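Rule-based calculations on the coordinates, nothing more; no lab input. This structure is a prediction, so every number in the text was calculated from the model and none was measured. So basically every Cβ, Gly included, is an ideal-geometry build from the backbone, and we count neighbours across all protein chains shown.
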Amino acid sequence: MYGELIVGINMVFNYVILSFANRMVKAQATRLRLLLASLAGALPVAIFPDSRIAIFIAFGLMIICAFGMSMSSIGNPAVIVLIGALFAGGALTVFTEKFMSSDSKATVFISALLAYLFLYLFKTKWMDVRVARRLSSFSVASELSIWNETISIPCFIDTGNRCIEPMSGDPVHFVSLKFVERSIPEDLKGPLLSCNTKEMPQLSVFPTRFQKSLRLIRLQTVQGASWAVGFKFDRWIIAEGSELPPGYIVLTKQDNRYPEGAGAIMHASALESISNERGTSHVAGI
């Protein structure tokens, strides 16, 4: 039972660290792959707990299983995994004695929860520092691919937009309805325009072929809370060819608050994807 507990704690901790690195470097590794990599990293350490060689082997197996064999796919994730492990491990060392339980399941759960909270705070602060070092906003040209159409949209990257889709954590961008209205399929347009933003929309009223790409988005503004339907886009190219990571768009009928000429207000994370053409440093995305 003790051995299973050690494997469980290490596996959960590894998964949280790998998920953190996956997000930071935008590697898009699947959850199954991260789980298998977590297990591969947990076993050597559990079998040989006092071996430094086992630690290095476990680290290498974990990185390769999660992110692949090439140097380009290993380099950045390995650094982020090390940073995340040092930060979360140090924080857990401080707090575990106070919160650990004799129940093995509770111990694993508390370890995972604490590690996730520490890394979430770390990621948030890291992004805040990076964004603060850049300009507060960008105006860029873009091409949005959605509904088998490619639409040219001038965009404004707003560092104040931190809205995300709650299930996946993917960023949410706001797009003016008038810029994309002609490209919306007719069978999708009716249910979309009839949505009441004050009540939770029913995704079942939308055509079946679109339902897998739809998500409910809860919005909180100074005017109050409201609901919106998020549409997963196929691809979004901004500036000189930089591609945004997966995300969702919310269509807005009222665009009087958009910066002049802009057809979309992008999530703050778009700053990490833009190829800077104004003489400042290139943001390559960690």
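The figures follow:
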{"read-out": "Separation of the Q211 and E243 label points, Cα + 7 Å toward Cβ, nm", "value": "3.0 nm"}
{"read-out": "Label zone at L203 (point 7 Å along Cα-to-Cβ), backbone N below 15 Å, segment 213-239", "value": "213-218, 228-233"}
{"read-out": "Label-point gap, in nm, between D187 and E149 - each point 7 angstrom along Cα→Cβ", "value": "1.7 nm"}
{"read-out": "In Hz, Karplus ³J(HN,Hα) per residue of segment 231-240 (6.51, -1.76, 1.60; θ = phi - 60°; x = Gly, Pro)", "value": "10, 6, 8, 7, 6, 9, 9, 10, 6, 9"}
{"read-out": "Global form of segment 135-277, assessed from the alpha-carbon gyration tensor, a/c cut-off 1.5", "value": "prolate"}
{"read-out": "Across K123/K232; K123/K253; K123/K212; K26/K198, pairs whose alpha-carbon gap is larger than 31 Å", "value": "K123/K253; K26/K198"}
{"read-out": "Extension gain from A54 to E260, taking 0.36 nm per residue of separation minus the Cα-Cα distance", "value": "68.3 nm"}
{"read-out": "Gyration tensor (alpha-carbon) shape descriptor, segment 200-246, a/c threshold 1.5", "value": "oblate"}
{"read-out": "Potential lengthening between K253 and R162 on full extension [0.36 nm per residue; Cα-Cα distance subtracted]", "value": "30.7 nm"}
{"read-out": "Karplus 3J(HN,Hα) series, Hz, for segment 51-66 with 6.51 cos²θ - 1.76 cosθ + 1.60 (x for Gly, Pro)", "value": "9, 5, 4, 4, 5, 5, 5, 4, 4, x, 4, 4, 5, 5, 5, 7"}
{"read-out": "Packing-based ranking, highest mean first, of 190-200, 245-255 given that Cβ atoms within 10 Å are counted", "value": "245-255, 190-200"}
{"read-out": "Burial ordering of K212, K26, fewest other beta-carbon atoms within 10 Å first", "value": "K212, K26"}
